[in-house]
Amino acid sequence: MGKAMGFQDAVMQALSNYATFEGRARRREYWFFALFAILSQFIASGLDLVVSAILGIPLFRVIVALALL
């Protein structure tokens with residue numbers, strides 16, 4: 001067994017292998033990436049509360065959702 005993967009390492013590993021459809025992610029890597037996706041959506045929602053009053057569309061939520069699709 002290797003060294004335990006931290007949050008940043010797990011997210012970077014998941015993003016670098018995002019479109020590689022071979023092998024499997026470790027449990028820790030999977031859940032850290034899921035946490036990253038949820039936190040990204042919360043941050044984007046917070047930014048949209050400010051920006052959507054001006055633009056009228058949830059711009060940041062759309063960008064994050066498409067990036068993590």
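Since every read-out is calculated from the coordinates, none of them should be taken as a lab result. As the structure is a prediction and not an experimental result, all values here were calculated from the model. Cβ placement follows ideal geometry from the backbone for every residue including glycine, while neighbour counts extend to all protein chains displayed.
Around the Cα centre of the chain, unit charges on the Cβ atoms of Lys, Arg, Asp and Glu (plus for the first two, minus for the last two) sum to a dipole of about 260 debye. Each other residue within a Cβ distance under 15 Å of Arg28 adds +1 if Lys or Arg and -1 if Asp or Glu, for a net charge of +2. When you restrict to C-alpha pairs under 8 Å that are six or more residues apart and normalise by the size of the chain, the relative contact order lands at 25 percent.
Compared with the alpha-carbon gap, the fully stretched path from Arg28 to Leu15 is longer by 3.3 nm at 0.36 nm per residue. For q values of 0.18 Å⁻¹, compute log₁₀ I(q)/I(0) with the Debye formula on a Cα-only model of the chain, without solvent. At q = 0.18 Å⁻¹ the computed log10 ratios are -0.73.
Angle of helix 27-55 to the longest C-alpha principal axis of the chain, folded into 0 to 90 degrees and rounded to 10: 10°.
For the pair Leu35 and Leu49, the difference between a 0.36 nm per residue extended length and the Cα-Cα distance amounts to 2.9 nm.
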